[in-house]
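Colleague: The structure that follows is given in the form of structure tokens.
The values are calculated or read from the model by the stated rules, or taken from the named source; none is laboratory data. Just so it is clear, the model here is predicted, and its values are computed rather than measured. When we count neighbours, we look across all protein chains shown, and the Cβ atoms used for this are built from the backbone with ideal geometry, even at glycine.
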Amino acid sequence: MLTDFGSILAFLLVGAIFTAGGLIASWLLRPQRPYAQKLSTYECGEEPIGSPRVRFNIRFYVVALIFLVFEVEVVFLFPWALVFKSFGLFAFLEMVVFLAILVVGYAYVWVKGDLEWDKPMPRYTTADDKTITTIFEEQEESVLH
Amino acid sequence: MENILQLLSNPIVSAVLMALAPLLFILPYALVTIYIEMKMAAHIQNRLAYMQTGWHGTLQPFADILKLLQKEDIIPTAASKFLFILAPYLVFVGTYSSFAVLPFSSAFIGSNIDLGIFFLIAVSSLVVVGLLMSGWASNNKWSLFGALRSAAQIVSYEIPSALAILGVVMVSGTMSTQEMTHFQDGGIGQWIIFGGNLPLWQKLSLIPFMIILFLIYLVSSMAEVNRTPFDIPEAESELVQGYNTEYSGMKFAIFYLAEYANLFLVSAVVVILFFGGWTSPFGTFLSGPVWGAFWFVTKGMLFVCLNIWLRWTLPRLRVDQLMYVSWKVLTPFALLCVLAIGLIVVM
Amino acid sequence: MNLYDIIFYFFAVVTIASAAVVVFSRNIVYSAFSLLFTFFGVAGIYVLLNADFLAITQLLVYVGGILVLILFGVMLTTNVVSVEIKTGTMQTLPATIIVALLAGLLGGIVWTTDWFVGKRLSEVTSQTTSKEIGTALITTHVLPFEIASVILLVAIVGAAMMARRERSNTNI
């Protein structure tokens, strides 16, 4: 087992060395003529306004939280899946109970809307809305009076 | 000669050589796939793509590499330099170490650990951290938004894909990728998508659930490689290039290579899980270690082409649709499939 | 010193050095990213202890789950990322006393414990631990297995509730 993991370590090292080699090769070949404008942050040609490191929407955090719980659940199921065949129906029912308890939580977050992605709710114009002409007319009226 | 043989039998040297071998596959594979992708995209959109460099533009990928090597490497002054340089390492190392557990043939696997497929799920998390690192270090709005979206997307789709893998582990009773392939040896009818080598009635009742699991894994693997229809993290029209906006030259090339390597990786996992890995579809006919490598790469490339085809055919999803698909469609169906498979297997 | 020892010390140094960066870094994001190497080093040490399933679970849950969560958390926190957190010294005397007591306690435990010394790893048969864990979950540890599920249920409900309260406060 250790030699197998040793090969994985070799893969990690080879990956890192390959990346380093590529970067060094290009470092030898490429030009290097930096100036202030070239090194400025890219924002489609505009001067960047404010820091990009602003406060993010909490929805990313919610996704990561729910993911974590489910991932731990999956980790529990993997060793079980390896051997449950030889234990028959009992092992299956054990897993059903395990999942059933978790499905309660899943149903809870589903019903409470935590799985919804927070999205902006723009108000769309309807037939009852004032048209631009009526707005102008109203303004004209108010100016005249 | 004697010395060379002795050197090769040294476990460290052989481990390093085994670790180098997939690199020799990835580099030509990336060149070919970039070409195939451009040509397929062009023909789907009724145009020609490159025609000038060599016969039908076949030399274009080489020209691209030369160009990328010579490009100036720009590190923006606002960036966190150390993390900016570290991020491509993490992304490539995370992707490349997954190749350790791909059984290219019955004779070649980088590392035959008992937990192969489990390791594959785990090591992809290195890539997520690498993407977040690149996005944050760039200190650029597009990069940071792209990285956050990308991370949220990958973690959301990891649950359905892990559940799909769980279903296959339940049928085959092993997490080693090599044993999983041996389980499916013996022709097309033994593949897990057709129920593996279980008794006939079990096979027949497993088929529908296996097909559903296959579709779940296919969709979530497409989301994990961030390609259209799931390319919200690098949606050109809103985020320029996503997390690698600020990267140029060779660092960008590393991200690009990792993306294509990842594409083969998920396709290869589909092949290992459902389509028999390196086994020949004709049983013992055309099988053996060399034919094994041929079948593995051919099947993998078929799914790579399927991915490219879908990428250039489907429009992009919206973020909320993406989360809806993952949490409210794929996850419940995957849970139901796991339950059904469990019942069928213990019966 | 054989290869096994060299690899062990490599992982030990990676773990401790990156943990030191977590504690001493003045930038909270650097601390968070440094945790990656701490978790990775711990996973490596698990492998060296022949706990392969635990090692990969460490990678999966801590790097893939907790670290991503921490990074999201750090990036969510208003202005913390651009403001350097204070790591100066405060209340030196009480801190020194508490740390000294704690260090004495831990050192005493380390000194007096009758450590179990297992077989050398070369003598351990290449047995996978995952099947044994699976068997234990079905036979001797059924109740902990189900209780784990209840804990996860509590975690998911609690997490969702807390996040919801946060969500009503932010509108970006």
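Colleague: How do the helices (runs of 4 or more DSSP H) wholly within the stretch B:40-145 filter down when requiring 3 or more residues that are facing another protein chain (nearest Cβ under 7 Å) and β-branched (Val, Ile, Thr): which remain? Spell out how you get there, then give the answer.
Modeller: Working: elements: B:60-70, B:81-98, B:116-138.
Once the helices (runs of 4 or more DSSP H) in the stretch B:40-145 are filtered for at least 3 residues that are facing another protein chain (nearest Cβ under 7 Å) and β-branched (Val, Ile, Thr), what remains is B:116-138.
Colleague: May I pose another question? Just one of A:Val69, A:Val104, A:Val75 is farther than 19 Å from B:Ala162 by Cβ, in a helix (DSSP H, G or I) and either at the interface with chain C (Cβ under 7 Å from one of its Cβ atoms) or hydrophobic (A, V, I, L, M, F, W, C) (or both); which is it? Talk me through it step by step, then tell me what you get.
Modeller: On the way: A:Val69 fails: farther than 19 Å from B:Ala162 by Cβ; A:Val75 fails: farther than 19 Å from B:Ala162 by Cβ.
Of the residues listed, the single one that is farther than 19 Å from B:Ala162 by Cβ, in a helix (DSSP H, G or I) and either at the interface with chain C (Cβ under 7 Å from one of its Cβ atoms) or hydrophobic (A, V, I, L, M, F, W, C) (or both) is A:Val104.
Colleague: Looking only at helices (runs of 4 or more DSSP H) that fall completely inside the stretch C:1-60, which ones have 1 or more residues that are of a type in the set (Asp, Glu) and surrounded by 20 or more Cβ atoms within 10 Å (Cβ to Cβ)? Walk me through how you get there before you give the answer.
Modeller: Values: elements: C:3-24, C:28-48, C:52-57.
It comes to C:52-57.
Colleague: Give A:Ala127, A:Ala81 a once-over and let me know the one that is over 28 Å from the mean Cα position of the chain (by Cα), closer than 23 Å to C:Val63 by Cβ, more than 7 Å from chain C (Cβ to nearest Cβ) and not charged (D, E, K, R).
Modeller: Details: A:Ala127 fails: closer than 23 Å to C:Val63 by Cβ.
Criteria check complete, one pass: A:Ala81.
Colleague: Here is a list: B:Phe296, B:Phe282. Which entry is more than 14 Å from chain A (Cβ to nearest Cβ), in contact (Cβ under 8 Å) with a residue 40 or more places away in the chain and touching a Ser or Thr at 6+ places or on another chain (Cβ under 8 Å)?
Modeller: Working: B:Phe282 fails: touching a Ser or Thr at 6+ places or on another chain (Cβ under 8 Å).
None of the other options fit; the residue is B:Phe296.
Colleague: Determine whether C:Phe72 is modelled with pLDDT under 85, surrounded by 14 or more Cβ atoms within 10 Å (Cβ to Cβ), closer than 26 Å to B:Ala162 by Cβ and more than 14 Å from chain B (Cβ to nearest Cβ). Full working, then the answer.
Modeller: Numbers: modelled with pLDDT under 85: yes; surrounded by 14 or more Cβ atoms within 10 Å (Cβ to Cβ): yes; closer than 26 Å to B:Ala162 by Cβ: yes; more than 14 Å from chain B (Cβ to nearest Cβ): no.
Considered against the rule, which asks whether it is modelled with pLDDT under 85, surrounded by 14 or more Cβ atoms within 10 Å (Cβ to Cβ), closer than 26 Å to B:Ala162 by Cβ and more than 14 Å from chain B (Cβ to nearest Cβ), C:Phe72 comes out as no.
Colleague: Oh, and also: Taking the stretch B:179-208 on its own, how many of its residues are buried (at least 22 other Cβ atoms within 10 Å of the Cβ), in contact (Cβ under 8 Å) with a residue 40 or more places away in the chain and not β-branched (Val, Ile, Thr)?
Modeller: Residues flagged as buried (at least 22 other Cβ atoms within 10 Å of the Cβ), in contact (Cβ under 8 Å) with a residue 40 or more places away in the chain and not β-branched (Val, Ile, Thr) within the stretch B:179-208 amount to 4.
Colleague: In the stretch B:265-307, which residues are closer than 12 Å to B:Phe104 by Cα and among the aromatic types (Phe, Trp, Tyr)? Steps first, answer last, please.
Modeller: Step one: filter the stretch B:265-307 for residues closer than 12 Å to B:Phe104 by Cα, giving B:265, B:268-269, B:271-272, B:276-279, B:288-300.
Selection gives B:Trp278, B:Trp291, B:Phe294, B:Trp295, B:Phe296.
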